[in-house]
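The values are calculated or read from the model by the stated rules, or taken from the named source; none is laboratory data. A quick note: this is a predicted structure, and the numbers were derived from the prediction, not measured. Cβ placement follows ideal geometry from the backbone for every residue including glycine, while neighbour counts extend to all protein chains displayed. All accessible areas refer to the heavy atoms of the entire protein, side chains included, with ligands and DNA or RNA removed. Shrake-Rupley method; radii C 1.70, N 1.55, O 1.52, S 1.80 Å.
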Amino acid sequence: QVQLVESGGGLVRPGGSLTLSCTATGKIDGISARSHTLGWYRQAPGKQREFVASISKGFRPIYAPFARGRFDIQRDNALLTVELTMTRLTPEDTGIYYCKRAYSEDDIDAVGSWGQGTQVTVSS
């Protein structure tokens with residue numbers, strides 16, 4: 001299937017900002033890609049993977065409670081990318097962040113493709 005590649009992870013101090021990017025590669029066409037719902041999940045050490053944010057075909061964003069007001073999700077259908085801008089980061093935001101492209105117009109839980117993840121570490 002389509003391959004997703006995340007980038008932008010790294011080490012940042014508490015209160016800092018970081019922007020993650022996810023690019024689709026492989027066998028995918030731009031017409032179909034516009035109908036997909038895009039999103040981000042994360043997994044902290046010792047915890048299960050959790051939803052972070054999503055953006056639908058109609059550009060409707062949904063945020064987890066911990067992300068609302070701090071994180072911003074954007075998509076660019078021409079570039080086949082989705083970005084997650086994170087601000088006011090805390091150590092609790094540390095984890096592996098995964099990009100997902102769901103084959104649904106508005107449901108991030110639908111079947112889709114996953115990236116391999118990018119590490120985000122918030123520490124002083």
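Limited to the range 60-94, what total is found for residues that are under 25 Å from Thr25 (Cβ atoms) and either touching a Pro at 6+ places or on another chain (Cβ under 7 Å) or part of a loop (DSSP other than H, G, I, E, B) (or both)?
Selection size over the range 60-94: 5.
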Worksheet item: Which numbered condition trips up Gln116, out of (1) in contact (Cβ under 8 Å) with a residue 60 or more places away in the chain; (2) surrounded by fewer than 13 Cβ atoms within 10 Å (Cβ to Cβ); (3) farther than 21 Å from Val5 by Cβ?
Response: (3)
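Of all residues in the range 7-22, count the ones that are open to solvent by 50 Å² or more (accessible area, probe 1.4 Å), outside any loop (DSSP other than H, G, I, E, B) and of a type in the set (Gly, Ala, Ser). If you could, list the steps in order and put the result at the bottom.
As a first pass, look at the range 7-22 and keep what is open to solvent by 50 Å² or more (accessible area, probe 1.4 Å): 7, 11, 13-15, 17, 19.
Next, only the ones that are outside any loop (DSSP other than H, G, I, E, B) stay: 7, 11, 19.
Of the ones still in play, those that are also of a type in the set (Gly, Ala, Ser) are 7.
The total comes to 1.
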Fill in: Pairs where the first residue, in the range 30-44, is closer than 26 Å to Ile96 by Cα and the second is among the aliphatic types (A, V, I, L, M) and assigned to a helix (DSSP H, G or I), C-beta under 9 Å, 6+ apart
none
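Return the only residue of Val82, Val52, Val2 being aliphatic (A, V, I, L, M), touching a Cys at 6+ places or on another chain (Cβ under 7 Å) and buried (at least 17 other Cβ atoms within 10 Å of the Cβ). Even if it seems obvious, please write down each step before you answer.
On the way: Val52 fails: touching a Cys at 6+ places or on another chain (Cβ under 7 Å); Val2 fails: touching a Cys at 6+ places or on another chain (Cβ under 7 Å).
Residue meeting the stated conditions: Val82.
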